[in-house]
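The values are calculated or read from the model by the stated rules, or taken from the named source; none is laboratory data. Computed from a prediction, not measured in an experiment: that's the story for all the values here. FYI the Cβ positions are ideal-geometry reconstructions off the backbone, even for glycines, and counts take in every protein chain you see.
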Amino acid sequence: MPHLAVADSLTRRVSAGAGASIAYEVHGDGIPLLALHGAYSSRGEVRGFLEPMTAARGVRRIYADLPGHGESRPSSDV
């Protein structure tokens, strides 16, 4: 089972092994929507434009930072 740690009131973190971790946020309830950002970005950018469109629609929004972006850490093996 992955180890979860809370970084702040919204950010959660899951260990991805070898020092790597994935930071993510979960908002709302309902049908899950996993939102991933593009290159040179972080979950905050995606959250900024998706929240106004999805917050009132019964969608559980999961915003994740890809490894090495935002608050996620890349593997120490790289």
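Applying the criterion of being within 17 Å of R12 (Cα to Cα) and touching a Gly at 6+ places or on another chain (Cβ under 7 Å) to the residues of the stretch 45-69, the residue that is surrounded by the most Cβ atoms within 10 Å (Cβ to Cβ) is R61.
Tally time: how many residues in the stretch 41-78 are farther than 18 Å from A20 by Cα and without any contact (Cβ under 8 Å) to a residue 12 or more places away in the chain? Qualifying residue count, the stretch 41-78: 6. Within the stretch 2-25, none of the residues are surrounded by 11 or more Cβ atoms within 10 Å (Cβ to Cβ), part of a loop (DSSP other than H, G, I, E, B) and modelled with pLDDT of 90 or more.
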